[in-house]
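**Q** I'd like to ask some things about the structure below.
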Amino acid sequence: MLRLHFRQAALSLAGLSLVTALASWDGTFGNPQDPATPATEDLGQEVDPLAPKGWTIDEKWRPLLGTWTLLNFVHPVEIMDADSIRGYLTISEGFMTMIIHARPMAGVNETAFPDHLAQAGLHRWRIERDDIMQLATVMGHSNFGYELEWEKPNEPREFRLELDKDVLSLTRPDFSVLTFRRVTSMEFPQQALDRMREMHSTGD
């Protein structure tokens, strides 16, 4: 999901702890070059596990496909107010869309940031080393800095996956955890239908 563009001063604000959970980082889950990877005998070269390849998924991870709502965010150091953050995650074959909305917590210097913070991004994804989700940004943006910022294409990220029926956990190398619950199909909202009837009747 995602890179939240904050200035350095923002990293110390408890109300914006989400930055450290979703921002890009240099660390990964161990050495990306698996020492057990066999060499390619005809070329005399080691196989690069991060080399580009077609998108595939193990059957055990196929239940990832669908839409998920953010339930909880756990930071290894700071406590997040669950009411201050909302998010949705939609996973399809090879593509992932994540949207995050948040507000600074009470007591934070709110004049330095917008009252409503938002980030959205579309990413390519794949599973490596059994339970590691790797992301590469297609396009994304956020206003978690002083102005709207655009994310560079192919920005990399990694999460460790844990899927328990309809609950999905994504863990960063710094042990921040995002927990999602599957969204089941629902009827089209009546409120939206009522508004459309109003629009049609008035010609708006």
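**Q** Between M196 and A118, 0.36 nm times their residue separation minus their Cα-Cα distance comes to what?
**A** Values: separation 78, 0.36 × 78 = 28.08 nm, distance 2.66 nm.
Extending this stretch completely gives an extra 25.4 nm.
**Q** Quick one: length gained pulling E147 to E128 fully straight, 0.36 nm per residue minus the C-alpha distance? It would help to have the intermediate numbers written out before the result.
**A** On the way: separation 19, 0.36 × 19 = 6.84 nm, distance 3.48 nm.
My answer for the length gained is 3.4 nm.
**Q** State the extension gain, in nm to one decimal, for the chain segment bounded by S185 and T56, taking 0.36 nm per residue of separation less the distance between their alpha-carbons.
**A** On the way: separation 129, 0.36 × 129 = 46.44 nm, distance 2.56 nm.
Roughly 43.9 nm would be gained on extension.
**Q** While we're here: Report, to the nearest whole %, how much of the accessible area of the stretch 160-204 belongs to carbon and sulfur atoms, 1.4 Å probe, protein only.
**A** Working: 1820 of 3440 Å².
Carbon plus sulfur share of accessible area: 53 percent.
**Q** So, one more: Taking the solvent-accessible surface of protein heavy atoms with a 1.4 Å probe, what is the per residue accessible area of the stretch 109-204 in Å²? Don't skip to the answer; put the middle values down first.
**A** Numbers: 6000 Å² over 96 residues.
Accessible area per residue, the stretch 109-204: 62 Å².
**Q** Another question, if that's okay. What FRET efficiency, computed as 1/(1 + (r/R0)^6) with R0 = 22 Å and r the Cβ-Cβ distance, is obtained for T67 and H101, rounded to the nearest 0.05?
**A** Working: r = 16 Å, r/R0 = 0.72.
E between T67 and H101, to the nearest 0.05, is 0.90.
The values are calculated or read from the model by the stated rules, or taken from the named source; none is laboratory data. What you are looking at is a predicted structure, and each value in this text was computed from that prediction instead of being measured. Cβ: placed from backbone, ideal geometry, glycine included. Neighbour counts: every protein chain shown. Remember, those area values only see protein heavy atoms, side chains included, never the ligands or the DNA or RNA. Shrake-Rupley method; radii C 1.70, N 1.55, O 1.52, S 1.80 Å.
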